[in-house]
């Protein structure tokens, strides 16, 4: 059985990370590309929020006794297969894991245009994931 209290605490962490992001006003891509402090705040909080979503999904999968994911991205595919989240949301979260991996593992030079786009357009996908988990587990 899923530990709803643990899931709730992790959801609070995600929402806290997203809250830090929301406090920052978008100065536009030109200024964002030059403002290393803003970049650091956005990157840290995006990375942490995505990783905590992975942690939430891993916890649910483990407690339910479902198949073990091979990758962090697989966590969201498995959640979709078990109708915890929708398939379109799973694909969005898979892309977020890819984004996180590129940043954390430095697969390539960090493209601040992509970071800006994720911040301004796609951080809402993380919020959508949180709402789906709350809906399923009423934490």
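Data table
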item	result
Additional length obtainable on full extension of the chain from residue 91 to residue 22, 0.36 nm per residue less Cα span	22.5 nm
Helix-derived mean residue ellipticity, 222 nm - over the chain, DSSP H n ≥ 4, -39500 (n - 2.57), to 500	-24000 deg cm²/dmol
Rounded tilt (10° steps) of 4-22 against the dominant C-alpha axis of the chain	10 degrees
Taking N as its residue count, the alpha carbon Rg of the stretch 76-139 over 2.2 N^0.38 Å	1.23
Nearest 10 degrees, 0 to 90: helix 36-64 Cα axis against the chain principal axis	10 degrees
Between helix 123-137 and the chain: long-axis angle, C-alpha atoms, 0 to 90°, nearest 10	20 degrees
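Quick note: the coordinates plus some simple rules give every number you see, no bench work behind them. For clarity, every value in this text was computed on a predicted model and none was experimentally measured.
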